[in-house]
Amino acid sequence: MNILLIFEHYFEAKPFLENEKIKKIKSKNFFKFNNNDVEYYLFINHGKGYLSLLNKLYKLNDEYSFNMMINMGICGSLNKNYRIGEIFSIKRFINVDLNNNKILNPPILSSLFLEKNSKLITLNYIQEGNKKNWRYYGELLDLEGYFIAFFSKKNKIPFLSIKVISDYNKNIKNNLDKSVIKNLYNYFKKELSFIGRIAEYSYFFEIVKRLGIPLKYSKNIIQLNNYFKKKDLSFTERSQIYNDIRIKFGNSIKNYFEKREKQIIKNNKKKGFLFIEKKIRNKKKYIDYFNNYDFIEIANYLDYFQYSNKDYRNIIVANKKGNVLKKKPDNYGKEGFSHYSITNGYNCPFNCSYCYLQGWLRSSDIVIFDNVSYIWKKIKLFLDENKKEKAIFYFGDFFDALVYEDLTQSIDFFSKKLKDYNNKYMEFRTKATVKNLNIKNIQNNIIIGLSFSTRHVIKEYEMYTSSLKERIESLKYLNRNNISTSIHIDPIIYYKGFEEDYSKLVERIFKNITDDNLFSISIGSLRLTKKTYKSIKRNKNNAAILKNLEFDSGMYRYPKKIRERIYKKLKMVINKKLKNNKFYICMDEILYE
Ligand code: SF4
C-alpha cells in the first residue's frame, strides 16, 4: 500500500517531519513514515512550482506506483465567512487566470472528498485581490492543487486534497498565517486516521466514484465493499446496485442495506425460538450454537411444527419417527442406480426463490433431527434387504444437507456406517460453503454434491447461499482432498445471456476438478409442481422467478425450445471435458437419448 503525501512548501510538511518517525529516502524532499500501521511517503516540492512538481510526480510514481495521493497545504480564501485555520477538502479543481477572467484548464471533479468541502481555483502565479466575480470559479486558492488532480486523473490514482485557510488573498506576504499548518497535521492524526486503510478495500474507490459520496460515510462504503467481495459480483452487477442505490435508495448505502435487512427479516433472519424435545440428550450443543434464540424444552415437535410465522422462523431439534427413506422418481439421477431421499431435517434457511420447500409443509420452521442412529437403523434395514441394489441415498432434499454440518457432523457419522457397503453411496447436497468440512473419516462412497448457479442466478434467486466464488473454493477444497464430488447445475434459470453465462460456469468448474474426483455432473432446468408454482406466485418477492414458465408434462417448465437450446449447448461443452459417462440431464425427457 503506497500512499503519497504531497506538500508544496517545507513549512507545510514540518509538523509531520517533527512529530513522526521519519525516514529519509532521497535528498531533502522524499521521506517515509508509518502512521496507524500504514506506510506513507512524503514529498516536498520546496516551492518550485507546478512544472517541477509534475515532473517529480511522474518519476516517483514510475518507481513506487502509488495507490493513493493526498495533497495537504495552505490556501487563500475568497469567502470571508471562512475562518483562518478552517479546513476543507476539495471537491472541484479549476485552473484560472483571474486577472484576465480566463479558464486555462477545465474543472476536474474529485472522487474523494470529505463532508466539509469547497471548490479550489489553482493559479499559475499569485494574483492578489478579491473581486466579487472571482468566486464564480471557486472560493479557495492555491498554486498546485489542480495540477496534482490532473496527474491523479491521468494516472487513475485516487486523490484527496485537504487545505487549511491561511489568508484572504490580500497582502499575502504580511498576512499569511503559517501557524495554521499545525491544524492540518492535527486533522491528519485525528480525522484522517482511517484514510490509509481505505486503499485496502478493493471496491472502495469505485464505490466513492460511482456514488459520489463523502468519505465521512466510509463505514457504509466498506460495508458495500465487503458485500461486493463476498458475493463476488461482476462489474455489471455492481453497476446495477449503484443504480439502485442512486435511484431507489436516495443515494444512501445505509438505506440500501436497511431495506435489504427488512427483506432478510422477512426471509428468516429474525430469531425466534429454539424448541428442543425433552428426550434430546445433548441439548447444550444446540443451545450454544443457536445462542440468540430463546430456548424452550418441548415434548413433541409436531405440537409446534404446525403453521408458518410470517416474520421469523423457529429452530426445532427433534427425534425422527417413522419413515426416513423415500424413493425418487424414475427419471431421477445417474443411470444404473436407484435413488432415495433421506429425511434428516425439514426446511432450509437459504430461502432460494424457487425452492419447492416453500409451502410444501405447513410450517417453515427449521427442523433438525438429532437421532441419526435411528435414521441409520432404518437405512441399514433397507441395505440388508436390498444387498445387490446399486443405490444412492440423498441428504439435502428436505433441508440443505450441510448448512449446519459444523454442528451435526453427519458426514462423519454416516461415513463410518457406510464403510463396508461397496455398492451403496450417500450424497450430501448443498449450497453452503464446504471449504472447512471435516473430512477426516470420509469414505469413497460418500459424495459431496455441490449445486452451481451463475452469478446472476445466485444474486437474484439464491441470495442467502454461498457466492459463486465460495462454491468454487469449496470445489477446489474437495478436489485437493480427493473427495468424490457431484456437480449439479440445476435449476438452470433462463435470462438474457444465460447460455453464455452457463457455458462459462461449466468451463470454470472443470478447471477446478479432476475426472477422478468427479462422481457425476447433472444439469436440469427450472421445474415446479403446481403447488410450488402457486405458493411462489403468492409471494410477491419471489414471483419474478416464474417468468416464461408454462405448464408441460405435469410441471411448470420453460418452453421446450429454451430447454433444448441450453441442454444442447451445455452437453456439448461438458462432453468435451468428460472422459466417461458421468453426465445426465435431471428429470427432463428431452435430449435424453
Ligand atoms: S439451498 Fe436448496 S433446500 Fe435450501 S432453499 Fe435453496 S433450493 Fe431449497
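Between the stretch 423-443 and the stretch 1-68, how many Å separate their Cα centres?
54
Just to be sure I understand: of the beta bridges DSSP finds with both ends in the chain, what percent are antiparallel, rounded to 5?
On the way: 29 of 96 bridges.
Looking only at bridges with both residues in the chain, the antiparallel portion is about 30 percent.
Using +1 at the Cβ of each Lys and Arg and -1 at the Cβ of each Asp and Glu in the chain, identify which of SER364, TYR82, ILE280 lies farthest towards the dipole's positive end.
Selected residue: SER364.
Per-residue HN-Hα couplings for the stretch 109-118, Karplus 6.51 cos²θ - 1.76 cosθ + 1.60 at θ = phi - 60°, whole Hz, x for Gly and Pro?
Values per residue, Gly and Pro as x: 8, 8, 7, 10, 7, 9, 4, 8, 9, 8 Hz.
Restricting attention to the chain, give the cysteines that have no other cysteine Cβ less than 4.7 angstrom from their Cβ.
That list is CYS75, CYS348, CYS586.
Please tell me the relative contact order of the stretch 204-267 in percent, rounded to the nearest whole number, where contacts are Cα pairs under 8 Å and at least six residues apart.
Working: 25 pairs, mean separation 19.0, N = 64.
It comes to 30 percent, rounded to a whole number.
Sequence gap at least 6, Cα distance under 8 Å: using those rules, report the relative contact order of the stretch 3-198 to the nearest whole percent.
Details: 388 pairs, mean separation 49.3, N = 196.
Relative contact order here is 25 percent.
Counting only DSSP beta bridges with both residues in the stretch 463-593, what percent are antiparallel, rounded to the nearest 5? Before the final figure, lay out the partial values.
Numbers: 5 of 14 bridges.
Rounded to the nearest five, the antiparallel share is 35 percent.
Assuming R0 = 41 Å, what is the FRET efficiency of LYS14 and ARG480, from their Cβ-Cβ distance, to the nearest 0.05?
Numbers: r = 55 Å, r/R0 = 1.34.
With R0 = 41 Å, the Cβ-Cβ based efficiency is 0.15.
Less than 13 Å Cβ to Cβ from ASP412, Lys/Arg counted +1 and Asp/Glu -1: what total charge do the surrounding residues give? Intermediate values should be presented prior to the final figure.
On the way: positive: LYS416, LYS417, LYS419, LYS440; negative: GLU405, ASP406.
Here the charged neighbours net out to +2.
Relative to the present Cα-Cα distance, how much length would full extension add between ASN422 and LYS537 at 0.36 nm per residue of separation?
Values: separation 115, 0.36 × 115 = 41.40 nm, distance 4.42 nm.
The ASN422-LYS537 span can extend by a further 37.0 nm.
May I ask you to evaluate 6.51 cos²θ - 1.76 cosθ + 1.60, the Karplus curve with θ = phi - 60°, for each residue of the stretch 197-212 and list the ³J(HN,Hα) values in order in whole Hz, giving x for glycine and proline?
For the stretch 197-212, the Karplus-derived couplings read 6, 5, 5, 6, 8, 4, 9, 3, 5, 4, 4, 4, 5, 6, 9, x Hz, x marking Gly and Pro.
Hull surface divided by four, with the convex hull built on the Cα atoms of the stretch 110-191: how many nm²? Could you put the intermediate results ahead of the total?
Details: hull surface 25.2 nm².
Average of the hull's projected areas for the stretch 110-191 equals 6.3 nm².
Treating the angle as unsigned and between 0 and 90°, give the value, to the nearest 10°, between the Cα long axis of helix 218-231 and the longest Cα principal axis of the chain.
40
For PHE583, which sequence-distant residues (separation of 5 or more, or a different chain) have an amide H within less than 5 Å of its own amide H, given hydrogens modelled in the peptide plane?
It is ILE521, by chain and number.
Pairs LYS229/LYS476; LYS156/LYS459; LYS476/LYS530: which are spaced more than 27 Å apart, C-alpha to C-alpha? Mind dumping the intermediate values first?
Details: LYS229/LYS476 19 Å; LYS156/LYS459 30 Å; LYS476/LYS530 38 Å.
Where the Cα-Cα span goes over 27 Å, the pairs concerned are LYS156/LYS459; LYS476/LYS530.
Taking the simple approach of a point 7 Å from Cα along Cα-to-Cβ for both LYS48 and GLU335, what is their distance in nm?
The two pseudo-label positions are separated by 7.7 nm.
When the Kirkwood radius is taken over all Cα pairs of the stretch 204-267, what Stokes-Einstein diffusion coefficient follows at 4 °C and 1.567 mPa s, in µm²/s?
The diffusion coefficient I find is 109 µm²/s.
Quick one: net charge of ASN282's neighbours, Cβ under 14 Å, K/R +1, D/E -1?
Details: positive: LYS278, LYS279, ARG281, LYS283, LYS284, LYS285; negative: GLU277, ASP288, GLU297, ASP370.
For residues surrounding ASN282, the net value is +2.
Answer with one residue from TYR125, ASN155, ASN548: the one whose Cα lies farthest towards the positive end of the charge dipole of the chain, charges on Cβ with Lys, Arg +1 and Asp, Glu -1.
ASN548
Take the Cα coordinates of the chain, assign each an equal point scatterer, and use the Debye formula without solvent to give log10 I(q)/I(0) at q = 0.07, 0.12, 0.13 Å⁻¹.
With no solvent term, the Cα-only Debye profile gives -0.60, -1.10, -1.23.
Starting from 0.36 nm per residue, how many nanometres of slack lie between ASN255 and ASP384 once their C-alpha separation is accounted for?
Values: separation 129, 0.36 × 129 = 46.44 nm, distance 5.85 nm.
Difference between extended and current length: 40.6 nm.
Working from Cα positions, state the angle (0 to 90°, nearest 10) between the long axis of helix 181-190 and the longest principal axis of the chain.
It is inclined by approximately 10 degrees.
HN-Hα J couplings of the stretch 431-438 from phi, Karplus 6.51/-1.76/1.60, θ = phi - 60°, integer Hz, Gly and Pro as x?
10, 8, 7, 10, 6, 10, 4, 6
On a 0 to 90 degree scale, rounded to 10, what angle separates helix 50-64 from the longest Cα axis of the chain?
30
Go through 137-148, 552-563 and give me the packing order, highest mean Cβ count within 10 Å leading.
Working: 137-148: 23.6, 552-563: 15.8.
Going by the mean number of other Cβ atoms within 10 Å, highest first, we get 137-148, 552-563.
Of the options TYR50, ILE22, ALA432, report the single residue whose Cα projects farthest towards the positive end of the charge dipole of the chain (beta-carbon charges: Lys, Arg +1; Asp, Glu -1).
Projecting each Cα onto the dipole axis, the largest value belongs to ALA432.
So if we plug the beta-carbon distance of ILE287 and TYR464 into 1/(1 + (r/R0)^6) with R0 = 25 Å, what FRET efficiency do we get, rounded to 0.05?
That pair, ILE287 with TYR464, gives E of 0.60.
Skipping prolines and chain starts, which residues have an amide H placed within reach, meaning under 5 Å, of the one on ILE298, given they are 5 or more residues away or on another chain?
ILE276, GLU277, LYS278
Enter the Cα centre distance for the pair the stretch 444-485 and the stretch 370-412, rounded to the nearest angstrom.
21
What distance in nm lies between label points placed 7 Å from Cα along the C-beta direction at LYS178 and LYS568?
With each label placed 7 Å out from Cα toward Cβ, I get 8.0 nm.
Count the net charge of all other residues whose Cβ sits under 13 Å from the Cβ of HIS339, scoring Lys and Arg as +1 and Asp and Glu as -1.
Here the charged neighbours net out to +2.
FRET efficiency for ASN34 and ASP62, Cβ-Cβ distance as r, R0 = 22 Å, nearest 0.05? Could you put the intermediate results ahead of the total?
Details: r = 23 Å, r/R0 = 1.07.
Rounded to the nearest 0.05, the efficiency is 0.40.
Return the whole-Å distance between the Cα centroid of the stretch 496-551 and the Cα centroid of the stretch 109-135.
With the stretch 496-551 and the stretch 109-135 each reduced to a Cα centre, they are spaced 55 Å.
List the relative contact order of the chain as a percent without decimals, with contacts defined as Cα pairs under 8 Å and 6+ residues apart. Please report the intermediate quantities before stating the final value.
Values: 1058 pairs, mean separation 51.2, N = 593.
Relative contact order comes out at 9 percent.
FYI, it's all coordinate maths here, none of it is from the lab. Note that the structure is a prediction, hence the values are computed from the model and not measured. Glycine also receives a Cβ, built like all others from the backbone with ideal geometry; neighbour counts cover every protein chain displayed.
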